[in-house]
Amino acid sequence: MAEYPKNQKFAKTDLAKYAMVWTDKAYFVNRGAQKNFAEFAKDIAEQWTEDELQFNEYYYKTLIAQKIIWDATEKIVPQMEWYEAGGYRAQHVVLAIGLIAEASRQLKKKVDFERIWNAQALDQPFTEAIRQAADAVHPVLMHPAQGYRNISEWAKQPRCWDAVKALHVNWNQAWLSELISPREAWSRNRNSSKRQRETNGIEYTAAVVNAGPQFWKDVAQWLIAENEGDEKERGCVNVAANIPAKIPTDRQSAVIVNLMQRLDKAGCPYRLKV
């Protein structure tokens with residue numbers, strides 16, 4: 001199996017769909033690709049500001065697992081006894097997966113996305129859980145609350161989502177036993193973040209070194225002329241200007257890369273390729 005399967009590529013609006021359906025705002029997915037992506041982008045921006053290292057290999061594997069779940073649910077829903085052609089498949093998919101996510105939260109557990117990534121498929125217990133979820137959300141979706149006549153519009157409402165979250169399902173024990181603790185999920189993400197930090201450090205240092213000492217001497221002069229960069233940033237650039245006599249550490253290289261990314265917006269004529 002390839003490390004990153006080519007058949008698991010998707011557009012940014014699809015990415016937003018796969019991710020948002022696992023949040024407490026799953027109903028946004030039913031509002032359409034653009035509105036959902038706008039909400040997703042807002043959430044991602046906040047998370048990135050909080051800790052950009054959380055967007056690592058574990059995050060990628062989670063997204064692929066979420067895509068696998070989505071694709072499987074799209075196939076399962078039309079196979080349900082109550083399903084009729086044109087029977088709001090997309091809305092059923094969103095609410096069914098959303099209910100699974102909500103059940104995990106209520107149980108204070110996490111879906112083992114890494115397990116799904118490793119198998120590149122769902123096992124029987126998870127497939128059965130999807131069927132259970134689809135059965136549960138079907139009557140909620142198909143019987144809108146008073147004041148909502150259009151099922152598609154009803155599926156977009158927080159009130160519909162609240163009704164789904166209030167459902168009680170007697171989940172199959174095999175699926176429940178596959179859930180992991182939040183601490184285990186946190187540990188996996190933390191380890192992946194550590195590897196991401198190390199990878200970033202190596203890549204940043206390579207980029208700084210490859211730019212060459214003359215490049216950094218020019219940058220150092222520009223910083224002085226334009227009164228840009230603080231003492232720490234100028235110091236790191238000066239180290240780079242003395243390559244190969246001195247080689248910046250990974251941390252110094254990270255400071256330099258972040259500086260150059262900021263200066264790019266300030267009109268600096270020097271561009272660092274990372």
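The values are calculated or read from the model by the stated rules, or taken from the named source; none is laboratory data. Remember, it's a predicted structure, so these values are computed and weren't measured experimentally. Positions of Cβ are backbone-derived with ideal geometry, glycine not excepted, and every protein chain shown enters the neighbour counts. Surface areas here come from the heavy atoms of the whole protein model, side chains and all, with no ligands, DNA or RNA. Shrake-Rupley method; radii C 1.70, N 1.55, O 1.52, S 1.80 Å.
Overview of values
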{"item": "Candidate set: the range 62-99, residues that are in a loop (DSSP other than H, G, I, E, B) and in contact (Cβ under 8 Å) with a residue 24 or more places away in the chain; chosen: the one farthest from Asp135 (Cα to Cα)", "result": "Tyr88"}
{"item": "Top-ranked residue of the range 120-148 - restricted to ones that are closer than 23 Å to Trp161 by Cβ and of a type in the set (Val, Ile, Thr), ranked as nearest to the chain's Cα centre (by Cα)", "result": "Ile130"}
{"item": "Subset of the range 12-61 [over 29 Å from Ala155 (Cβ atoms), part of a helix (DSSP H, G or I) and of a type in the set (A, V, I, L, M, F, W, C)]", "result": "Trp48, Leu53"}
{"item": "Criterion (within 21 Å of Ile68 (Cβ to Cβ), within 16 Å of the chain's Cα centre (by Cα) and at pLDDT 90 or above) met by exactly one of Lys17, Lys25", "result": "Lys17"}
{"item": "Of residues in the range 93-127 being open to solvent by less than 20 Å² (accessible area, probe 1.4 Å) and of a type in the set (Val, Ile, Thr), the one nearest to Gln79 (Cα to Cα)", "result": "Val93"}
{"item": "Set Glu228, Glu203: member being part of a helix (DSSP H, G or I), charged (D, E, K, R) and either open to solvent by 40 Å² or more (accessible area, probe 1.4 Å) or at pLDDT 95 or above (or both)", "result": "Glu203"}
{"item": "Number of the exception - Ala103 against (1) more than 20 Å from Val29 (Cβ to Cβ); (2) aliphatic (A, V, I, L, M); (3) under 23 Å from the mean Cα position of the chain (by Cα)", "result": "(1)"}
{"item": "Residue list for the range 153-169, filter: loosely packed, with under 13 Cβ neighbours inside 10 Å and touching a residue at least 24 places away in the same chain (Cβ under 8 Å)", "result": "Pro158"}
{"item": "Any chance Trp161 is at pLDDT 95 or above and either closer than 21 Å to Phe28 by Cα or of a type outside the set (Asp, Glu) (or both)", "result": "yes"}
{"item": "Residue within the range 59-78 that is of a type in the set (A, V, I, L, M), under 21 Å from Pro144 (Cβ atoms), out of contact with any Lys or Arg (no Cβ under 8 Å at 6 or more places or on another chain) and at pLDDT 95 or above present", "result": "no"}
